[in-house]
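The values are calculated or read from the model by the stated rules, or taken from the named source; none is laboratory data. Keep in mind that what you see is a predicted model, and the values were worked out from it rather than measured. FYI the Cβ positions are ideal-geometry reconstructions off the backbone, even for glycines, and counts take in every protein chain you see.
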Amino acid sequence: MKQHLGRQSGVQNVEVSLNDGKVEVTPKEDGQIDPAQLLKATYDSGVTAAEMEMTARGKIVKDSSGGLALQVEPNQSFAFAPNELSKGLEALAGTQTMVTVRGQLYKKQAGKKKPDTSAPLKLLILEVQKKE
Amino acid sequence: MNSRIALLLLLGCTLAPVSQAQIKHIEMRVEGMT
């Protein structure tokens, strides 16, 4: 699995902990990494992803449906799953303020092994680490 | 000349925040790993 994930675009390093089933992926500094592709690659390597968390820095924007999203690249953004923390970021939408957040992108649904990668991943903010 | 420098500075300020944006870390918990 480590090799399989390491071959994905934008991945610099993969650390696997067999004891607690934790996989840490470090993106390349200038690379664009696709979390949905990582989920698929994980499944393709024969293991099931139970959950995925991401720490990212970007701008708060409003997407086409009017919902809030974190823009991490000009062509890559993650819509927020609404919660209290995402509501607190609403005032920053459209501003140049950079926000660093940690959030959950995926959680396995009971009874399902294969992640549904057809729908875009939503970011459930767990922690707002920095606003600058 | 000065206006060119000013334009470059303005462009830099506009583009810099997006270029500094990025995914910093991804962590997964997996099942079925042997």
Handout entry: Residue among A:Leu18, A:Leu70 that is over 21 Å from A:Lys130 (Cα atoms) and facing chain B (nearest Cβ under 9 Å)
Key = A:Leu18
Handout entry: Failed item in (1) more than 27 Å from A:Val11 (Cα to Cα); (2) touching a residue at least 12 places away in the same chain (Cβ under 8 Å), with A:Gly111 passing the rest
Key = (2)
Completion exercise
Here the qualifying pairs (Cβ atoms under 8 Å; residues six or more apart or on different chains; first in region A:51-65 and more than 13 Å from B:Ala21 (Cα to Cα) and within 10 Å of chain B (Cβ to nearest Cβ); second hydrophobic (A, V, I, L, M, F, W, C) and surrounded by fewer than 16 Cβ atoms within 10 Å (Cβ to Cβ)) come out as A:Glu53/A:Leu126
Exercise for the section: For A:Lys108, indicate whether it is surrounded by fewer than 15 Cβ atoms within 10 Å (Cβ to Cβ) and either in contact with a Pro (Cβ under 8 Å, 6 or more places away or on another chain) or more than 12 Å from chain B (Cβ to nearest Cβ) (or both). Expected result: no
Practice task
Test A:Gly94 against the stated conditions and say whether it is out of contact with any helix residue (DSSP H, G or I) (no Cβ under 7 Å at 6 or more places or on another chain), touching a residue at least 24 places away in the same chain (Cβ under 8 Å) and within 12 Å of another protein chain (Cβ to nearest Cβ).
Solution key: no
Handout entry: Filtered residues of region A:20-39 (kept if of a type in the set (A, V, I, L, M, F, W, C) and crowded, with 20+ Cβ neighbours inside 10 Å)
Key = A:Val23, A:Val25, A:Ile33, A:Leu38, A:Leu39
Practice task
Tell me, yes or no, whether region A:76-93 has at least one residue that is modelled with pLDDT under 90, loosely packed, with under 15 Cβ neighbours inside 10 Å and not acidic (Asp, Glu).
Solution key: no
Problem - Odd one out for A:Gly46, checked against (1) out of contact with any Gly (no Cβ under 8 Å at 6 or more places or on another chain); (2) closer than 27 Å to A:Lys28 by Cα - result: (1)
Completion exercise
When restricted to A:Ala41, A:Ala36, A:Ala49, the only residue of a type in the set (Gly, Ala, Ser) and touching a Phe, Trp or Tyr at 6+ places or on another chain (Cβ under 7 Å) is A:Ala49
Fill in the blank from the handout: All conditions in (1) more than 9 Å from every other protein chain (Cβ to nearest Cβ); (2) surrounded by 14 or more Cβ atoms within 10 Å (Cβ to Cβ); (3) among the polar types (S, T, N, Q); (4) closer than 13 Å to B:Val30 by Cα are true of A:Thr42 except (1)
